[in-house]
Every structure is written in C-alpha cells, then in structure tokens.
Amino acid sequence: MISTFPTKTFPNHFSIVTGYYQETHGIVNNVMFDPISNETFTMSSKGNKWWDNGLSIPIWVANQMVKNDRFSYVSMWPGSWEEIYGRKPHYSEPYVRNSNFEQRIEKMIAELSRKQQPANLAVMYFDEPDQTAHHYGPFANETRGKIKIADNLVGFLIERLKTANLLNKANIIILSDHGMAEVKFENMIDLNKIVDTRFFRVFGSAPVLNILANEGKKELVYQMLKKASIKNHFNVYKREEVPHEYHYRNHRRILDFVVEANEGYFVDTGIEKWFCGQKAGVHGYNNKLLSMRPLFLASGPAFKKNFVYDRLFENIDLYPLMCKILDLNYAELPSNGTFDKVEAILN
C-alpha cells in the first residue's frame, strides 16, 4: 500500500477515510496556513472549516447516511471530533495522549455489543509505536518494544471479539498511515543557517514544508531556496511544478513553494530540540519510498484467507473497499479511490 504525499499523519488519516488526495480534501500537512481565512492550522486546532469542504464524506458519515439504524464508533481518529457533511459519528472519543489501549478496545467492544443502537463500524487510532519511533528512531529497542505491545494488542482484540461472539462476523483492517525513516542528528538541516528566512514564512513540518513568500519576494525566495538545495539534500518546487504523481498542487493551502527533504535528511527552521548523537524517526517523504510504505492487514468473512496481494494500491482505494464491505454504493460516494485496485482481496 502507498500513502498520499506528504506521508504525514493528519493528511493520510483523512485520505484513508475519505478516499481523496490531500489537494482535494484540504488537509495538506499537520501544520498549514489558509490564505483566505489568514489562519494557521495545527493538530490541536478546532473548527470544521478545516475539514468540511462540502465534498469529503468520511466513512463514518457515509455509514450513517444510508439508514437510520447504522451507527459509527470513532476513537481518536483525526477529524472525527468535527461535524463533517452535516454529521458526527454517533459514538466517539476525543484524542487523549497516553491513553490505555486495552481500555479503549473494551470500549469499542461495548459499543459494538449494545442491545440498542449497536455500532456496525468502528474506526480507531493508536499513537504508538509512532510517538516512540519519532524520538528514538524506527530501529531502536524502545520502538521494537512498542511494536511488541501493538502485536499483543491485536491478540487482545481477537480474544475480546471472540468472547463477545463477534469474531466470526467482524471484518478487521489493521493499517498504518505511513512508514518511518531514520535521521541522524548530523543530517538535520537548519533552514535559518542556509537562507535568509526574513523573506518568507514556513508552514508544515519536516521533511516537507510549505513556504509563503513575502509580498513581491517570490522570485528572490525561490532562487535562495534553489541555490541552497544544491548542497543541502532537499528539493524545492514551485507549487505548479510539484511532481504530478504527488497530487499536491491544487489547493490554496499548498503555498508558493514546497520544500521536500531527501530520505534520511531533515530540513526545518529550528532543530534545537534535537541533540548530537540522536537518531530520530521521520516521515513525510516521497510516498513511493519503501521506508514510507504503510502496513495493511485484513481478516474476516469479506476477505480471502491466506492471501498475499502483490499489486500496489493507494490508501485512497480503501474508501471504495470499505464502502463495499459496508454495503454502501461507492459509485454514489465519489472519491479518488479505485475499487478495481483492491477488489481481488475480497471473497
């Protein structure tokens, strides 16, 4: 499976549940600037104006639109706390850092097992091993420990579904929104030290930045960045020249220039939080890189058993797949996803 570009958390979570590229759904980075409202979005921002473009229909909304007896449960998934397309998930939990994963599984089982208005769709986000991998790097023992915890959590989920007599009818998709690459401290590039940052503003987060030039300074800024990129392991694109395969041009929140670091490098306006000798985990790079490849596993009556799918597909293709499993007409729920790319994994 391939994530959307840039391979960042919030944008890819929203691509998974809407089936749209970032330039269409509008969540183009974890931090972004809207030139119309003159406001900056961060991962703690509130307000559905960032999420609801009148086009995107998250899968939890689509599930509830079809019939009045369908209810979605969403736990900590980015965007789920906002009303989108006129609706919120019937059952939801806001993001809480350092949450108890097993308690959240129990909560989900309870919502699926309700005697009245049980949820027929559950969507959950877990922030490990991502948090640990960012701090220690993807290959550190600390990260491996979190992966073991995640593996045990899957076992716990299976046992709880079995106990609740749900396992034989539950379709389970286990996935990630991106991969992770290791970056050494000496490969962290401070933009402040190689260009004059007085002439532009920086939004986004390494390794992909959106650059907004001061009025009348676009060509100056472009030439500065272009010159600096030659020896500093990053690419700079004018918005209209971003590679077509990234699908990352046609939205107002994609600003004048896009800076994209090479794999294994990190470019930002400040690297003070990092220290010599540290290895960090970073994602956001070119979505075709193997290091950015996300996980996809599936099990249940809808899926083939003992089947390894060797055809590449994009995470946006999961939207029509989920629609099919939920008995929704994906032709009436437009997206950038293609059902034909994933149909072969179904029975």
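The values are calculated or read from the model by the stated rules, or taken from the named source; none is laboratory data. Please read all numbers here as calculations on a predicted model, not as lab measurements. We place every Cβ from the backbone using ideal geometry, glycine too, and count neighbours over all the protein chains shown.
Exactly one residue out of 182, 219 is in a helix (DSSP H, G or I) and out of contact with any Ser or Thr (no Cβ under 7 Å at 6 or more places or on another chain): that is 219. Do you know which residues across the stretch 321-347 are aliphatic (A, V, I, L, M), in contact (Cβ under 8 Å) with a residue 60 or more places away in the chain and over 19 Å from residue 174 (Cβ atoms)? Within the stretch 321-347, 328, 333 meet the criteria. Hey, does the stretch 101-110 have a residue that's farther than 27 Å from residue 180 by Cβ and modelled with pLDDT under 95? No, that holds for no residue. Do we find a residue being exposed (fewer than 15 other Cβ atoms within 10 Å of the Cβ) and among the basic types (Lys, Arg) anywhere in the stretch 82-93? Checked the stretch 82-93: no residue is exposed (fewer than 15 other Cβ atoms within 10 Å of the Cβ) and among the basic types (Lys, Arg). Counting only helices (runs of 4 or more DSSP H) that sit wholly inside the stretch 1-66, those with at least 1 residues that are under 22 Å from residue 268 (Cα atoms) are 9-18, 22-25.
For every residue, the table says whether it meets (1) touching a strand residue (DSSP E or B) at 6+ places or on another chain (Cβ under 7 Å); (2) within 30 Å of residue 111 (Cα to Cα).
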| residue | (1), (2) |
| --- | --- |
| 160 | no, yes |
| 168 | no, yes |
| 175 | yes, yes |
| 178 | no, yes |
| 181 | yes, no |
| 187 | yes, no |
| 200 | yes, no |
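Residue count for the stretch 123-142, restricted to those that are in a loop (DSSP other than H, G, I, E, B) and of a type in the set (Val, Ile, Thr): 0. Hey, among the residues in the stretch 89-122 that are charged (D, E, K, R) and outside any helix (DSSP H, G or I), which one's farthest from residue 163 (Cα to Cα)? Among residues in the stretch 89-122 that are charged (D, E, K, R) and outside any helix (DSSP H, G or I), the one farthest from residue 163 (Cα to Cα) is 97. The listed residues are 171, 165, and the only one of them that is under 27 Å from the mean Cα position of the chain (by Cα), assigned by TED's automatic domain parsing to the domain that holds residue 125, of a type outside the set (D, E, K, R) and closer than 30 Å to residue 303 by Cβ turns out to be 171.
Within the stretch 251-269, is even one residue modelled with pLDDT under 95, part of a loop (DSSP other than H, G, I, E, B) and either under 22 Å from residue 212 (Cβ atoms) or not assigned by TED's automatic domain parsing to the domain that holds residue 33 (or both)? Checked the stretch 251-269: at least one residue is modelled with pLDDT under 95, part of a loop (DSSP other than H, G, I, E, B) and either under 22 Å from residue 212 (Cβ atoms) or not assigned by TED's automatic domain parsing to the domain that holds residue 33 (or both).
Do we have any residue at all in the stretch 8-22 that's over 22 Å from residue 333 (Cα atoms) and surrounded by 24 or more Cβ atoms within 10 Å (Cβ to Cβ)? Yes: one or more hits. In the stretch 119-146, the residues that are within 18 Å of residue 282 (Cα to Cα) and touching a residue at least 40 places away in the same chain (Cβ under 8 Å) reach residues that are part of a loop (DSSP other than H, G, I, E, B) and among the basic types (Lys, Arg) with C-beta atoms within less than 8 angstrom, at least six apart or across chains, in these pairs: 127/97. Here residue 250 meets each of (1) more than 20 Å from residue 34 (Cα to Cα); (2) touching a residue at least 12 places away in the same chain (Cβ under 8 Å); (3) exposed (fewer than 14 other Cβ atoms within 10 Å of the Cβ) with one exception, condition (1). For residue 285, the test of being touching a helix residue (DSSP H, G or I) at 6+ places or on another chain (Cβ under 8 Å) and either under 25 Å from residue 150 (Cβ atoms) or assigned to a strand (DSSP E or B) (or both) is passed. Taking the criterion of being surrounded by fewer than 22 Cβ atoms within 10 Å (Cβ to Cβ) and within 20 Å of residue 4 (Cβ to Cβ), the residues of the stretch 255-268 that qualify are 262, 263.
On the basis of being farther than 30 Å from residue 222 by Cα and among the aliphatic types (A, V, I, L, M), does residue 170 make the cut? Against the criterion (farther than 30 Å from residue 222 by Cα and among the aliphatic types (A, V, I, L, M)), residue 170 qualifies. Across the stretch 304-333, the qualifying residues are those that are aromatic (Phe, Trp, Tyr) and in contact with a helix residue (DSSP H, G or I) (Cβ under 6 Å, 6 or more places away or on another chain), and the one among them that is surrounded by the fewest Cβ atoms within 10 Å (Cβ to Cβ) is 309.
For the stretch 283-319, the set of residues classified as over 30 Å from residue 237 (Cβ atoms) and not aromatic (Phe, Trp, Tyr) consists of 297, 298, 299, 300, 301, 302, 304, 305, 306, 308, 310, listed by residue number. Scan the stretch 191-219 for residues that are exposed (fewer than 15 other Cβ atoms within 10 Å of the Cβ) and touching a residue at least 60 places away in the same chain (Cβ under 8 Å) and the total you get is 1.
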